[in-house]
Amino acid sequence: MLQKLKNLLKNVNQKILKIMKYGLKFSFTVCIIATIILCTYLLFYHSQFLYLLGLTSFKFGMIIGLEFIVCGLSVDAIKNYGL
């Protein structure tokens, strides 16, 4: 199973892989900003709005990152294997 997944990731089209990498960088940036917001909440200013903003932004970043991975692999499978 892991070998199959490893081969699938190794054979991804370069254009799709490039889009996936940019999407993951964007997701990582959103997660870093959310972490900074949550640290600000924890250390300086205790506000429910700030906490919810940081938590929601972190969830958004994680969801976007996973969607880029799943959608990239799906598009590659459709393009290469005609699924």
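The values are calculated or read from the model by the stated rules, or taken from the named source; none is laboratory data. Just so it is clear, the structure is predicted and the values come from calculations on it, not from any experiment. Backbone-built Cβ (ideal geometry, glycine too); neighbour counts: all protein chains shown. The protein model used for the area step is the full one, side chains on, heavy atoms only, and it has no ligands, DNA or RNA in it. Shrake-Rupley method; radii C 1.70, N 1.55, O 1.52, S 1.80 Å.
For the chain, carbon and sulfur atoms together expose 73% of the accessible surface, with a 1.4 angstrom probe and every protein chain in place. Membrane-span-like helices in the chain, defined here as complete DSSP H runs extending at least 15 Å along the helix axis by their C-alpha atoms with mean Kyte-Doolittle hydropathy no lower than -0.5, are 14-43, 48-81; this is a sequence and geometry rule, not a statement about a membrane.
Over the chain, accessible surface divided per residue gives 80 Å², non-protein components excluded, 1.4 Å probe. Our compactness index for the chain, the C-alpha radius of gyration over the empirical 2.2 N^0.38 Å, is 1.44. Residue farthest toward the positive end of the dipole of the chain, with Cβ of Lys/Arg at +1 and Asp/Glu at -1: which of Met62, Ile33, Leu17? Checked the options; the winner is Leu17. Spacing of the modelled spin labels on Val75 and Phe44, each 7 Å from Cα toward Cβ, amounts to 3.8 nm.
Does segment 1-45 come out rounded, prolate or oblate by the C-alpha gyration tensor, with a ≥ b ≥ c the root eigenvalues, rounded set by a/c under 1.5 and, if not, prolate when a/b is larger than b/c and oblate if not? Oblate. Summing Lys and Arg as +1 and Asp and Glu as -1 over all other residues whose Cβ lies under 11 Å from the Cβ of Phe68 gives a net charge of +1. When we measure straight from the Cα of Lys59, which lysines land under 17 angstrom away, once same-chain ones fewer than 8 places off are left out? Cross-link targets: Lys25.
Here the gap between Leu9 and Ile63, fully extended at 0.36 nm per residue and compared with their Cα-Cα distance, gives a gain of 17.5 nm.
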